[in-house]
């Protein structure tokens, strides 16, 4: 058990008919299920009796498979959440208007306006502190129009950064800096030629290299902001294996705020509808992110995300693609 990385998962993710491909353990290290067992109701009840904590520990491979299986199993056409109503009630709609104005000013002046960005950061910070995390995740996961992608993305990454900071137990000042990094991390994209930024297709190799420059631009046009915030914005595409950009930084050479933003950025990007792709279930996104753990992304941040988000999504209708999945009824 000590030689492998085990992931914590609520036992309600188990269901009758599931084939267990690798051993499953309790939080005390007790073997609960042997590899090769096909679960039924009686077995699941016995597991719950033996394991009062209600959490099981499985390998990364089994975790990914269970996440995917549950996402497929519970997919059903249900009524989509009232996105617009939620956005008006929470103030997200106002954030969208403000972010649109900020992005326009960046495009016109090649400079990020300080006052409106700080004002937006304060609003998101209050939301993070006052709202339950499941409400924040409903906003992030809402199925939205393609032409609003960049505005929503920077807001969503700011909110996800704030949530991760809150879950990490960071002080409010650090949480606010994380929100600020989220709002600024892609501001350099407004310097990228529009025919590349809004290309209705996947980019060519040359265009990808041009697009990568947005990280450097994000640093250059944020002179009014604290240096650690600017650096974190520039480094959000660095990877712990040294294969990121713009400077191929490794491990702890990448600031914590940048490592957090990398996870938030990927989560929102994978789950969003784009011109060239449809969005996917948050559960599938988490399974994909898990594969990047310890190779590209900070394992502590990934573990926090995959521990917290599934529980907050339980019972919530999450719209994606042509189907709305209700992530519930797993027990």
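Okay, here's what the table says:
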| item | result |
| --- | --- |
| Gain upon complete extension [residue 173, residue 295; 0.36 nm per residue less C-alpha separation] | 41.0 nm |
| Average Cα contact separation per residue, the stretch 6-73, under 8 Å, 6 or more apart, as relative contact order % | 43 |
| Contour excess over end-to-end distance, with Cα ends at residue 109 and residue 53 and 0.36 nm allotted per residue | 14.6 nm |
| Inter-site label distance for residue 307 and residue 100 at 7 Å from Cα along Cβ, in nm | 4.0 |
| Separation of alpha-carbon centers, the stretch 223-259 and the stretch 109-126, rounded to whole Å | 21 |
| At R0 = 51 Å, FRET efficiency that the Cβ-Cβ distance of residue 253 and residue 42 yields, to 0.05 | 0.45 |
| Extension gain (nm, one decimal) between residue 132 and residue 204, 0.36 nm per residue minus Cα-Cα | 21.8 nm |
| Cα convex hull of the stretch 6-73, projected area averaged across orientations, nm² | 3.9 |
| Paired Rg and Dmax values of the stretch 127-242, which use every Cα atom, in angstrom | 15.2, 44 |
| Label-to-label distance, nm, for residues given as residue 231 and residue 196 (7 Å Cα→Cβ offset) | 2.7 |
| Alpha carbon convex hull of the stretch 83-326, volume per residue in cubic angstrom | 117 |
| For 99, 204, order by how many other beta-carbon atoms lie within 10 Å, fewest first | 204, 99 |
| Neighbour-count ranking [beta-carbon atoms within 10 angstrom, fewest first] of 206, 181, 263 | 206, 263, 181 |
| Proxy reagent accessibility, fewest Cβ within 10 Å first, across 243, 48 | 243, 48 |
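Each reported figure results from applying straightforward, stated rules to the coordinates on display, with no laboratory input. Since this is a predicted model, take the numbers as computed values, not measurements. Reconstructed Cβ throughout: ideal geometry from the backbone, glycine too, with neighbour counts over all protein chains shown.
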